[in-house]
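Participant: Before I ask anything, let me first share the structure, which is written out below as structure tokens.
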Amino acid sequence: MISINLYVSIAIYILMRLYVYDACALIYLTKIKVKEKLPLLGSVLVSPIVKNELIADIDRFSDAKLLKKNLDNKLIEERRVKLNNVNFAKNLGKGENETIVICIRNEGIPVTDDSQAINYALNCGLKPKTSELILLELLKQQIISYEEFQTMFEKLVHIKSLKHEVILFFKKKAEEIIKK
């Protein structure tokens with residue numbers, strides 16, 4: 001039997017985790033219908049630029065309307081950041097740069113599917129996650145079932161056009177998680 005103190009410690013740890021999403025990753029997670037579960041991993045943060053990217057075409061995209069509603073209801077929190085004296089990576093977009101700066105300043109976890117942003121975050125000493133890794137984390141924390149993982153992952157595979165070896169890698173990782 002697990003003690004109440006352990007449950008409280010786990011809850012505090014989860015609540016303290018700051019996941020800072022770029023627009024692409026959050027849109028993918030919205031499209032596969034998992035975004036509502038993200039707060040169970042930790043805080044869901046976006047930069048001001050990412051917020052604007054998420055809702056830019058609100059009249060054209062239902063995902064943008066849903067994301068706007070989530071921002072209004074504080075399911076997704078905008079985190080402002082002062083950009084004085086910041087050296088931006090020239091090969092990244094403004095949203096990715098802001099995401100990484102927020103993570104550096106707040107010990108956050110960047111969530112991005114941009115390979116250049118992932119490399120830059122790693123070089124900055126961060127531990128970035130992709131949409132696929134977020135799904136695995138949800139599975140590992142038992143927030144989603146293996147069946148839910150499979151359904152969501154298949155949708156993500158089609159949206160991102162993932163390579164066969166990438167698909168096999170993440171399926172194997174999911175199987176390892178459920179065997180534990």
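The values are calculated or read from the model by the stated rules, or taken from the named source; none is laboratory data. Keep in mind that this is a model prediction, so the values were computed, not measured. Cβ sites come from the backbone with ideal geometry, for glycine too, and all protein chains shown count toward neighbours.
Residue-by-condition table, conditions (1) farther than 24 Å from K127 by Cα; (2) free of Cβ contacts under 8 Å to residues at least 40 places away in the same chain; (3) more than 16 Å from the chain's Cα centre (by Cα):
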position: Y21; (1), (2), (3): no, no, no
position: I27; (1), (2), (3): no, no, no
position: E36; (1), (2), (3): no, yes, no
position: G42; (1), (2), (3): no, no, no
position: E53; (1), (2), (3): no, no, no
position: R60; (1), (2), (3): yes, yes, yes
position: K65; (1), (2), (3): yes, yes, yes
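Participant: Taking I134 as meeting all but one of (1) in contact with a Lys or Arg (Cβ under 9 Å, 6 or more places away or on another chain); (2) under 16 Å from K35 (Cβ atoms), write down the number of the exception.
Facilitator: Condition not satisfied by I134: (1).
Participant: Keeping to region 132-173, report how many residues are of a type in the set (G, A, S) and under 21 Å from T112 (Cβ atoms).
Facilitator: Quick first cut of region 132-173, residues of a type in the set (G, A, S) only: 145, 161.
Cutting the leftovers down to under 21 Å from T112 (Cβ atoms) gives us 161.
Residues that pass the stated criteria total 1.
Participant: Next up: Any chance you could count how many residues in region 65-92 are at pLDDT below 90 and not charged (D, E, K, R)?
Facilitator: Residues flagged as at pLDDT below 90 and not charged (D, E, K, R) within region 65-92 amount to 9.
Participant: Give all pairs with beta carbons closer than 6 Å in which a residue from region 85-105 that is outside any helix (DSSP H, G or I) meets a residue that is aliphatic (A, V, I, L, M); count only pairs at least 6 apart in sequence or on separate chains.
Facilitator: Filtered contacts from region 85-105: V86/V101; L92/A117.
Participant: Here's a check for you: in region 108-122, which residue that is surrounded by 14 or more Cβ atoms within 10 Å (Cβ to Cβ) and without any contact (Cβ under 8 Å) to a residue 24 or more places away in the chain is nearest to N97 (Cα to Cα)?
Facilitator: Among those that are surrounded by 14 or more Cβ atoms within 10 Å (Cβ to Cβ) and without any contact (Cβ under 8 Å) to a residue 24 or more places away in the chain, it is A121.
Participant: Confirm whether T151 is touching a residue at least 60 places away in the same chain (Cβ under 8 Å) and within 28 Å of I178 (Cα to Cα). Walk me through how you get there before you give the answer.
Facilitator: Values: touching a residue at least 60 places away in the same chain (Cβ under 8 Å): no; within 28 Å of I178 (Cα to Cα): yes.
In short, no.
Conditions (1) in contact with a Pro (Cβ under 7 Å, 6 or more places away or on another chain); (2) closer than 15 Å to A25 by Cα, marked per residue:
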position: S47; (1), (2): no, yes
position: R80; (1), (2): yes, no
position: N87; (1), (2): no, no
position: K90; (1), (2): no, no
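Participant: Filtering region 123-180 down to residues that are in a loop (DSSP other than H, G, I, E, B) and of a type in the set (G, A, S), which residue is surrounded by the most Cβ atoms within 10 Å (Cβ to Cβ)?
Facilitator: S145
Participant: Can you name the residue in region 56-84 that is small (G, A, S) and outside any loop (DSSP other than H, G, I, E, B) and, of all such residues, is nearest to N97 (Cα to Cα)?
Facilitator: A64
Participant: Pull up region 28-49, narrow it to residues that are touching a strand residue (DSSP E or B) at 6+ places or on another chain (Cβ under 7 Å) and part of a helix (DSSP H, G or I), then point me to the one that is nearest to E98 (Cα to Cα).
Facilitator: Among them, the one singled out is P48.
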